[in-house]
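Everything on this sheet refers to the single structure shown next.
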Amino acid sequence: MRFPAVLKLAVAALALGVLTACSSVPVTSMVKLARTDLSATDPAALRIAVRLPQGLRPRRVTLRITIAVGSDKREHAFVLTELDDPAELLSLAGEVTNGTMIYAFRIAPADVPKLLAVRDEMAAHKAKGERGSLIIGVGAEACRIGTLPARTLITTYLKTEQPGDFFPLTRDVDLRKDVPKEAVPERIPLCG
């Protein structure tokens with residue numbers, strides 16, 4: 001099922017909000033996203049990863065799903081948990097560069113039934129012939145360790161199936177150029 005919708009996936013690590021960096025989405029990833037069938041995606045297999053400069057650390061990562069049908073708009077939020085199986089990161093081994101770290105997250109097992117309920121809600125709207133939009137966003141609060149490099153680049157990844165590989169969602173988003181000025185690296189709090 002493809003909910004007749006605008007599917008917008010934005011992933012970033014910011015202290016002050018969600019980065020919408022659609023201009024940094026690789027074309028090959030846009031094609032993969034357009035072909036993603038959310039009704040067939042197992043929420044337990046969904047993985048999100050972020051490559052950060054070594055001076056940044058993620059603190060809290062949240063998945064937000066907003067379903068809008070007519071004037072009704074509902075947002076569902078899920079706090080993600082860090083992956084504890086290094087084998088799941090093998091497809092990202094070539095993405096680690098000098099001075100960076102990759103962190104990966106999944107939906108907490110206790111939240112999988114809630115996410116399935118959201119998917120059932122989408123299916124019910126489709127069965128009634130109702131049109132709407134689906135927005136999926138991932139935001140991460142971050143903290144920093146000391147000063148950050150002049151170019152503070154962030155790359156994000158998504159994995160929608162098990163087994164499967166991560167693919168880049170946004171690539172090399174520069175926190176100094178591509179985000180609102182209230183979210184520049186110097187405003188990211190120090191880790192404590």
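Values computed for the structure shown
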{"item": "Gain in span if fully extended, GLU82 to THR41, counting 0.36 nm per residue against the direct Cα distance", "result": "12.8 nm"}
{"item": "Cleavage-rule hits, GluC sites (Glu not before Pro), the range 65-152, DSSP coil, Cβ neighbours within 10 Å at most 15", "result": "GLU130"}
{"item": "Segment ALA123-ASP174, length gained on full extension (0.36 nm per residue, minus Cα span)", "result": "14.6 nm"}
{"item": "Measure of compaction for the range 31-136 (Cα Rg per 2.2 N^0.38 Å)", "result": "1.26"}
{"item": "Along principal axes, Cα extents of the range 76-176, largest first, whole Å", "result": "52, 31, 22"}
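A short reminder: the numbers here are calculations on the coordinates, not readings from a lab. Keep in mind the model is a prediction, meaning the values are calculated, not measured. Note that each Cβ is placed from the backbone with ideal geometry, even for glycine, and that neighbours are counted across all protein chains shown.
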